[in-house]
Each structure stands twice: as C-alpha cells, then as structure tokens.
Amino acid sequence: MDKGSQTTAAAAVATTTTSNSSAFSFISKGWREVRDSADADLQLMKDRANTFKNLAASFDREIENLIQSATPTFSVPAIRQSSEIDFMKKLQPKISEFRRVYSAPEISRRVMEKWGPRAKLGIDLSRIRSAIVAEVDETEEEDMYGIVEFNKFKKDRRARFTEEGQFGDWEPIRALKTRLREFEKKNASVEIFGGFKNSEFVEKVKSSLKAIIKEPQESKDVPPLDVPELLAYLVRQSGPFLDQLGVRRDLCDKIVESLCSKRKNQLVLRSLAEGEPPTVDSDKINDELDLRIASVLQSTGHCYEGGFWTDFVKHDVSDGKRHVAIVTTASLPWMTGTAVNPLFRAAYLAKSAKQKVTLLVPWLCRSDQELVYPNNLTFSSPEEQENYIRNWLEERTGFKADFNISFYPGKFSKERRSIIPAGDTSQFTPSKDTDICILEEPEHLNWYHHGKRWTDKFNHVVGIVHTNYLEYIKREKNGALQAFLVKHINNWVTRAYCHKVLRLSAATQDLPKSVICNVHGVNPKFLKIGEKVAEERELGQQAFSKGAYFLGKMVWAKGYKELIDLLAKHKNDLDGFKLDVYGNGEDAHEVQSTAKRLNLNLNFLKGRDHADDSLHGYKIFINPSVSDVLCTATAEALAMGKFVVCADHPSNEFFRSFPNCLTYKSSEDFVAKVKEALANEPQPLTPEQIYNLSWEAATQRFVEYSELDRVLNNEHNPAKAGSKIIAKSSTLPNLSEMVDGGLAFAHYCLTGNELLRLCTGAIPGTRDYDKQHCKDLHLLPPQVENPIYGW
C-alpha cells in the first residue's frame with residue numbers, strides 16, 4: 001500500500017470514529033432529558049400527595065376547633081344539651097380515622113406502583129356516608145347513650161378501600177378537590193358580581209328579553225254564533241231600512257232584546273254577583289251583542305277593511321291643530337236662531353284656543369237680501385257683511401273672537417221661507433281644514449245636496465237639529481202626506497251624512513244616531529241685565545214696572561194661533577189682563593185683524609231686539625208656542641230674571657228646573673199660572689242657574705254629547721288595558737255603515753236629476769251656483785271648475 005492510500009484510510013477511520021462519538025453523545029443527551037422529565041413528574045406526584053396529606057390534617061384540626069368552640073363554657077343539664085354538638089362529637093372519630101388512613105405511607109407506595117396511563121384510583125366511602133346518615137336519624141333516640149355508642153362506633157366502623165379498575169381509590173379525592181375549587185370560585189364571584197346581579201341594568205335586560213320573547217297566549221275556544229244572535233244582529237243593523245219602512249226604533253229594540261234573552265239572563269246574574277241592581281238596558285244588550293260578534297270574528301282571524309260605499313281615508317292635520325267647520329243655513333242680519341246660535345257657538349269654541357274654527361254662512365244676491373234682511377239692509381260684498389257680523393258679535397260678547405267667516409252660495413225660497421244652498425257646499429271648505437264639521441240643521445242643508453259626502457270629506461260630522469219642520473208642514477195643505485215624506489227624507493239624509501246628531505229637545509222627530517241635549521246658551525247681554533235687576537231688587541227698588549208681553553216672528557206657527565185661542569176662551573177669566581205683542585212677519589195683518597175681531601186686549605207693536613231697553617221693565621213673558629224646538633226668547637227672559645208662562649211641552653223641558661218657569665197643561669191651568677205670576681215676584685237666579693244658561697256651559701255640553709272631546713283629544717283607541725272592549729272597526733263588518741253609504745249614493749244620483757229636484761220643491765238652478773254668485777264670491781263658473789261633482 002503506498003503512502004497516499006494509507007493517508008486516505010487513516011482519514012476514513014478518523015471520520016468514522018468521529019461519527020460514532022456524535023451519535024453516542026446524542027443518545028446520551030436524549031436519555032438524560034427523559035430521565036430528568038420522569039424525575040420531575042415523580043417529584044410532582046410526591047408533592048401532590050404531601051399536599052393532600054397536609055389538607056387532610058388541616059381539615060381534621062378545623063373539625064376539632066369547631067367542636068371545642070361549640071362546647072358550652074357553663075354547666076347545663078345533660079338532657080338539654082344540643083343534638084348538633086353530640087353529632088359533631090360522633091363525627092370526630094370518623095374523620096380522624098379517615099385522616100389516619102389516607103396519611104399512611106402505603107398511599108404513596110401504591111401511587112408509585114400503579115401510576116400509568118388510563119389508571120383510576122377510587123375510594124368507596126358509601127359505608128361511611130350511610131353510617132353518618134344513620135347516626136343523624138338516630139340522634140334524638142340516643143341522647144342518653146352518646147358515650148356508649150361512640151365507643152361502639154369506634155370499634156365497628158372502618159373505612160374500607162375498594163379498587164375499581166386501576167387506582168379507583170382516588171375518585172372521592174378528585175370529587176373533594178373539585179368541590180373545593182367550586183367553593184373558592186363561588187366566594188370570589190359573589191364578591192365581584194354580588195352588586196351586579198341586583199343592578200338596574202340587569203333588570204332592564206330581563207325586561208327587554210321578556211318583551212322580545214313573549215310567551216304564547218292560551219287560545220280560548222269561542223263558541224260559534226247561534227241563530228237568535230245572528231237574527232238579533234241582523235235586525236239591529238237593519239235599523240235604517242226598517243225605519244224607512246215606518247218600523248219604530250223601540251220595536252226593533254224589543255225584538256233584539258227578546259232574541260238575546262239568554263244573554264240578558266247572564267247580564268242579570270252578573271249584576272247580582274257584583275252587588276248591582278238587576279237592571280239591564282238595551283244599550284248593555286247591544287254592547288254585549290257587539291262584543292260577542294267581534295270576539296267570534298276575531299277568533300277566526302277575519303279583518304274587515306271597509307266596503308264598497310265606505311271611505312276610511314283619514315285627513316291628517318298639517319299644523320298639529322284641529323279644525324272645526326260650522327256650516328249653517330242663515331246669517332245676520334236675519335235675526336233667526338240658525339243665524340245667531342251658530343255664531344255664538346263659533347265664538348266660544350274659538351275662545352278656548354284648542355282648535356281653529358271657520359263659520360260657513362250663506363251669501364245671498366242683492367235681490368234675495370231685500371226679501372230676507374230687515375230694515376232694507378243689504379251688502380254689496382261678503383267683506384262688508386262679515387264686518388257687520390263681527391261688530392254685532394263683539395258688542396254682545398264683550399270679546400273679540402278669533403275665527404274665520406266664509407260664504408257659500410245660497411238662494412231664498414219664498415214658499416219655504418228659508419235659504420237653500422246652491423251647488424256643493426262642502427267644496428267651500430279648504431282641504432286642509434276638513435277635519436271636524438258641524439252641520440246646523442243637517443236635514444235642511446242636505447235636502448238637495450249634490451256633491452261630496454260630508455262623512456267622506458271630514459273625520460267627524462255632527463248635526464244639530466234646530467227646527468221642528470214636521471210641525472210646520474202639518475199646518476199646510478195636504479200636511480199629513482207631506483209630513484210623512486219629509487220625515488223619511490230627514491231620516492235618510494241625516495243618517496247618510498252625519499256621524500252624530502244632537503236634538504235640542506224631544507220636540508223634534510227621532511232621527512238616527514241622535515241624542516237629546518240643549519247645546520244653546522244665552523247672549524251674555526241678557527245675563528248682565530238679569531244681574532242688574534237682582535241688584536236693584538236688593539236695594540229695595542222696583543225692578544219691574546210693566547205686566548206681560550209676547551215677542552216673536554208674526555206667523556201663525558210661532559204660537560200666535562195658540563195665544564189667540566187661549567185669550568179668546570178665557571177672556572172673562574182674565575178680565576183686565578193686557579198683553580203687549582212685539583213682532584213682524586208675513587201673517588201680521590191677519591193676526592191683528594183676528595184679535596181685533598175677537599175684541600182681545602192685545603197691543604201690537606213693531607218687532608225689536610229682546611235686549612232692547614223698552615223690554616226690561618216687563619215681569620212676565622208669555623210663550624204658548626208648541627212648534628218651537630227650543631225657544632231662545634224663553635231662555636233670554638229667564639236670564640233677565642222674569643217669569644215665563646209656557647206650555648208643558650218637550651220643547652220646554654230644559655226650562656222646568658228654573659223656579660221662574662211656570663208651565664201649564666190645560667187652558668184653565670194657563671189662567672192659573674198667569675194669575676200666579678201677576679201676584680208674585682220672580683226669584684233671583686242662583687250662580688248655578690246662571691251658568692247653566694250661559695254659552696260656556698252650552699259649549700261644554702256640546703263638546704261632551706257630540707263626542708268632540710274624544711275626537712279633539714285623539715282618543716281613537718277604544719281598546720284599553722283590562723277592559724273587555726274589542727276594536728270592532730277592525731274586525732266587525734258594520735252593516736249600518738254599508739247602508740249609510742248606499743243611501744248617500746242613491747241620494748246623490750236622485751239630486752243630480754233636475755226634474756226630480758223641481759218635483760220635490762227645489763229652487764230652479766240650485767244644483768249649481770249662478771253667474772251672480774260667481775261675480776260676488778269671485779268663483780269660476782261651475783261648468784269650468786267642476787261640471788259634474790263626482791262621487
């Protein structure tokens with residue numbers, strides 16, 4: 001082998017030696033790491049065993065301290081010692097033995113011998129637990145033998161170890177350590193979160209979760225409607241149709257009541273259970289029937305969204321303030337009730353400043369003004385007449401009323417002695433003001449109304465009945481037939497165009513949707529006159545220097561016929577009685593000639609304002625009229641502190657509560673009341689009586705009975721918490737509304753025919769306003785603006 005080969009071989013041997021040394025070093029290092037890791041694990045297990053041994057010793061010391069602290073320091077009878085102390089004494093040897101066993105050296109040896117993967121050590125302490133429970137149950141029976149049982153227990157009871165699999169003895173220790181950890185965590189969490197649990201934030205979160213996650217309501221089975229209930233509802237909803245056929249409302253109520261006899265018995269039993277008198281009126285029965293129908297429909301999930309005739313569009317209030325439009329059939333200077341009372345109503349509604357008010361009055365052409373307005377008073381423009389109206393009102397109320405006055409075209413009918421609207425009256429109210437509408441004399445305004453339905457244009461429509469037209473018509477030729485037709489036409493139009501109808505007294509016909517309430521007041525000027533009279537009487541002065549008088553428009557229907565008949569019949573009984581009569585009218589000449597022919601002691605004078613100074617000295621006001629609905633002159637006379645002698649009639653029902661109102665039932669009674677008034681002095685009015693006559697009280701009654709307070713306050717939700725009311729408008733198809741819509745549509749079609757209008761007494765050309773109205777009111781010709789007023 002040469003030198004080069006030797007060198008190469010030596011290098012290879014050196015390289016091999018170096019590789020073997022590196023491999024051995026790597027294996028030695030790995031083994032050392034494994035050994036160190038195993039030693040660390042064994043040391044950790046030893047430390048854990050020692051820790052548990054110390055924990056057991058500490059637990060034993062705590063038990064001993066507890067027993068020593070519970071032992072009383074003063075002597076008591078052995079029989080009264082606490083059973084809990086004996087129990088702890090009995091428990092001490094068990095725990096001591098438990099500690100001794102688990103602190104023995106064998107525990108560590110067994111751990112080291114059997115430690116391995118999937119090993120499990122457990123201790124069976126069921127015998128110990130059973131022994132402790134048994135000792136607790138027998139504590140009260142063994143109070144006198146506690147020491148003996150203790151020795152016996154020490155000899156017999158031993159903790160026994162049971163292996164279940166591998167290292168099953170460690171199971172109770174693991175459970176004990178887990179309980180200790182939970183106890184430490186619980187103490188820490190109580191300190192940290194104790195105040196958080198009862199905080200307001202947590203309560204709000206709970207409330208929000210309850211609102212989001214609602215518990216399903218228990219469904220209640222609603223029994224279906226029976227045949228009597230269906231028939232009762234059909235009869236009640238058919239009221240408008242039956243009324244047109246002449247079937248009285250009280251008869252329909254009796255039919256409904258008889259069909260709902262079962263429901264009536266339930267209401268009586270309910271009233272008795274609540275301690276109320278067992279009286280059930282028709283309103284309660286109707287409410288219960290509505291509730292029954294609505295509940296059945298609601299249980300089926302039905303929702304009524306309106307019919308063919310009904311328009312549910314609600315007009316929004318743009319400026320956040322309610323608007324009230326008052327439409328009447330007359331205007332000053334015509335001194336009639338429908339001209340004066342709506343004017344005061346507008347002033348006092350506007351005085352509250354809760355709503356904007358617009359008064360809509362008729363505008364008459366110059367030729368008609370000469371026929372209607374007294375003393376040849378005429379106006380060349382609406383602005384001129386508006387100034388006259390405002391001045392007259394401010395002079396009598398003492399304040400400046402803030403409301404608007406608008407005009408609509410009208411024509412005067414000589415035959416009817418009334419003003420008939422020309423064209424569609426509803427279009428003269430701006431769309432932004434179509435919120436609440438008050439129709440003064442709704443039957444009069446709608447006899448020939450051909451235009452938009454009031455209840456479709458306004459949110460709430462209230463009609464106020466001023467005049468007893470049937471009483472006037474009966475006095476005419478063929479009066480009975482005419483009265484029959486007018487009665488049903490009045491029912492027709494008021495039902496079709498009003499949500500609510502107010503009748504000033506029971507003297508008017510019974511109209512649909514109507515209630516009786518006096519919503520008129522007295523001019524404040526008359527109340528001031530009454531206060532002045534009362535002051536004069538307190539000072540001992542003579543307030544009344546004259547006898548009796550009568551004031552009214554001189555037409556036979558205004559009480560002149562009744563007055564002349566009474567005075568002619570009892571002319572001898574009232575010998576020396578003189579009566580002054582103030583009035584103008586179409587029948588003035590005939591009335592005066594009749595009184596002169598009968599040689600009656602009547603002194604006829606020209607008509608004048610009731611507040612005129614010449615009328616203050618009269619003590620008695622005579623009013624025998626039975627055609628009035630509510631005589632304004634009677635209220636004014638009472639306000640001035642006078643006696644009023646009037647007929648016992650529904651039109652005077654409101655005045656009966658006043659002591660100075662003397663009502664008579666017969667002609668002989670009339671004579672007696674007149675003599676009574678002549679022989680006595682009127683009583684002064686109390687503050688309550690003065691208020692009842694005022695327009696403030698009248699306005700309050702109007703707001704209440706017309707349901708205007710609910711509308712003005714936006715109380716459109718009848719379903720209240722805790723009540724039984726169901727919102728029927730969303731679930732109950734109202735047959736009455738469907739009938740009303742059909743009646744309005746039929747009326748619109750009929751009034752559009754000029755021939756039918758003329759046959760029923762309409763003024764020719766009143767379906768539209770004429771050219772003179774266009775000129776005076778600055779209107780476009782009707783054929784340009786709206787040739788046919790659409791539905």
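The values are calculated or read from the model by the stated rules, or taken from the named source; none is laboratory data. Since the model is a prediction, treat every value here as computed from it, not as a measurement. Every residue, glycine as well, gets a Cβ built from its backbone with ideal geometry; the counts of neighbours run over all protein chains shown. These area figures cover heavy atoms from the full protein model, side chains too; ligands, DNA and RNA do not enter into them. Shrake-Rupley method; radii C 1.70, N 1.55, O 1.52, S 1.80 Å.
Structure summary
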read-out	value
Residue in the range 421-429 that is surrounded by fewer than 21 Cβ atoms within 10 Å (Cβ to Cβ), among the hydroxyl-bearing types (Ser, Thr, Tyr) and out of contact with any Ser or Thr (no Cβ under 6 Å at 6 or more places or on another chain) present	no
Of residues in the range 361-420 being within 37 Å of the chain's Cα centre (by Cα) and of a type in the set (Val, Ile, Thr), the one nearest to THR336 (Cα to Cα)	VAL361
Residue match in the range 341-355 (condition: part of a strand (DSSP E or B) and more than 30 Å from TYR748 (Cα to Cα))	yes
Some residue of the range 623-633 being modelled with pLDDT under 95, β-branched (Val, Ile, Thr) and open to solvent by less than 10 Å² (accessible area, probe 1.4 Å)	yes
Residue match in the range 663-685 (condition: touching a residue at least 40 places away in the same chain (Cβ under 8 Å), small (Gly, Ala, Ser) and open to solvent by less than 10 Å² (accessible area, probe 1.4 Å))	yes
Selection count, the range 386-420, where residues are open to solvent by 60 Å² or more (accessible area, probe 1.4 Å) and either in contact with a Lys or Arg (Cβ under 7 Å, 6 or more places away or on another chain) or outside the structural domain of LEU360 (by the TED database) (or both)	1
Any chance GLU383 is farther than 21 Å from VAL501 by Cα and either in a helix (DSSP H, G or I) or open to solvent by 10 Å² or more (accessible area, probe 1.4 Å) (or both)	yes
Tally of residues being of a type in the set (A, V, I, L, M), open to solvent by 10 Å² or more (accessible area, probe 1.4 Å), in a loop (DSSP other than H, G, I, E, B) and under 25 Å from LEU445 (Cα atoms) across the range 505-541	2
Conditions (1) free of Cβ contacts under 8 Å to residues at least 60 places away in the same chain; (2) open to solvent by 10 Å² or more (accessible area, probe 1.4 Å): number failed by GLY479	(2)
Positions within the range 542-582 being part of a helix (DSSP H, G or I) and either assigned by the TED database to the domain that holds TRP392 or open to solvent by 30 Å² or more (accessible area, probe 1.4 Å) (or both), in sequence order	TRP556, LYS558, LYS561, GLU562, ASP565, ALA568, LYS569
Residue in the range 598-612 that is assigned to a loop (DSSP other than H, G, I, E, B), closer than 24 Å to THR467 by Cα and under 44 Å from the mean Cα position of the chain (by Cα) present	yes
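Listed here are the residues, each with its yes/no results for (1) in contact (Cβ under 8 Å) with a residue 60 or more places away in the chain; (2) out of contact with any strand residue (DSSP E or B) (no Cβ under 9 Å at 6 or more places or on another chain).
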position	(1), (2)
LYS356	yes, no
ASP368	no, no
TYR373	no, yes
ALA422	yes, no
LEU439	yes, no
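Residue by residue, here is whether (1) out of contact with any Lys or Arg (no Cβ under 7 Å at 6 or more places or on another chain); (2) at pLDDT below 90; (3) within 28 Å of ARG396 (Cα to Cα) holds:
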{"position": "GLU443", "(1), (2), (3)": "yes, no, no"}
{"position": "PHE458", "(1), (2), (3)": "yes, no, no"}
{"position": "LEU470", "(1), (2), (3)": "no, yes, no"}
{"position": "GLU476", "(1), (2), (3)": "yes, yes, no"}
{"position": "GLY479", "(1), (2), (3)": "yes, yes, no"}
{"position": "LEU539", "(1), (2), (3)": "yes, yes, yes"}
{"position": "ALA543", "(1), (2), (3)": "no, yes, yes"}
